[in-house]
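Everything on this sheet refers to the single structure shown next.
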Amino acid sequence: MGLAVTFLGRKLTKIIFFIIGGLIGGLLALRFASMFIGEPFIYLIAVAAFIVAGFLFYKLLPIGAGLAAGFVTFLILKPVLGDLVMAFIFALIALVVVVILFNKLLTIGTAFFGSLVFVSGLSQLAPLGWFVQLALIAIFTILGCIVQFKT
């Protein structure tokens with residue numbers, strides 16, 4: 001699992017979000033269309049809603065990640081800075097940076113997370129020293145980034 005996330009993390013994330021959005025849209029359409037329309041057309045509407053909602057989730061993923069980053073930045077910096085306006089400005093900066101650099105951040109993050117999971121699994125099989133674990137995490141993160149940036 002760790003190697004799959006290391007080398008295919010960006011694509012897997014986008015596929016998973018398409019499926020999640022599609023399921024949400026399809027199930028909502030199925031639920032509400034059943035109140036107004038007969039049996040055979042409900043399923044056609046649900047499939048269309050699955051495709052549309054999945055596509056929207058896929059396309060709006062960078063904006064959602066930017067909003068999450070901005071919100072977390074605001075929550076962290078508000079008590080630290082004590083100034084609401086400055087925390088909001090830094091939150092907006094975080095939002096813009098994440099939206100602009102989304103694919104690169106997603107690639108690096110999934111490569112690191114996948115290599116961390118992989119090395120954690122290896123250390124369950126055979127005890128590895130902390131330096132070996134750190135070196136393996138760095139090597140697999142770099143390899144995962146190279147593979148994901150090439151594809």
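Here, each number is a calculation from the coordinates, and none is a lab measurement. Since the model is a prediction, treat every value here as computed from it, not as a measurement. No Cβ is skipped: glycine too gets one built from the backbone with ideal geometry, and neighbour counts run over all protein chains shown.
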Original post:
Taking the Cα centre of the chain as origin and charging only Cβ (+1 Lys, Arg; -1 Asp, Glu), how large is the dipole, in debye to the nearest 20?
Top reply: 260
Subject >> Full-stretch length increase - Val47, Leu12 - with 0.36 nm per residue and alpha-carbon distance subtracted >> reply: 10.4 nm
**OP:** Find, among the chymotrypsin sites (Phe, Trp or Tyr not before Pro) in the range 1-65, those assigned to loop by DSSP (not H, G, I, E, B) with at most 14 other beta-carbon atoms within 10 angstrom.
**Re:** Phe36
Original post:
Using Cα atoms only, what is the angle between the long axis of helix 84-100 and the major principal axis of the chain, expressed in degrees (0 to 90) to the nearest 10?
Top reply: 80
Subject >> Proximal lysines relative to Lys11, as straight alpha-carbon distance under 21 Å, when same-chain residues fewer than 8 apart are discounted >> reply: Lys59, Lys104, Lys150
Original post:
So between Lys104 and Ile139, what do we pick up on full extension, going 0.36 nm a residue minus the alpha carbon distance?
Top reply: 10.8 nm
Subject >> Label point distance in nm, Arg31-Val97, each placed 7 Å from Cα along Cα→Cβ >> reply: 3.8
Original post:
Stretch Val147-Asp83 to full length: gain in nm at 0.36 nm per residue minus the Cα-Cα span?
Top reply: 18.8 nm
Original post:
Relative contact order, percent, of the range 1-93 when contacts are C-alpha pairs under 8 Å separated by at least 6 residues?
Top reply: 27
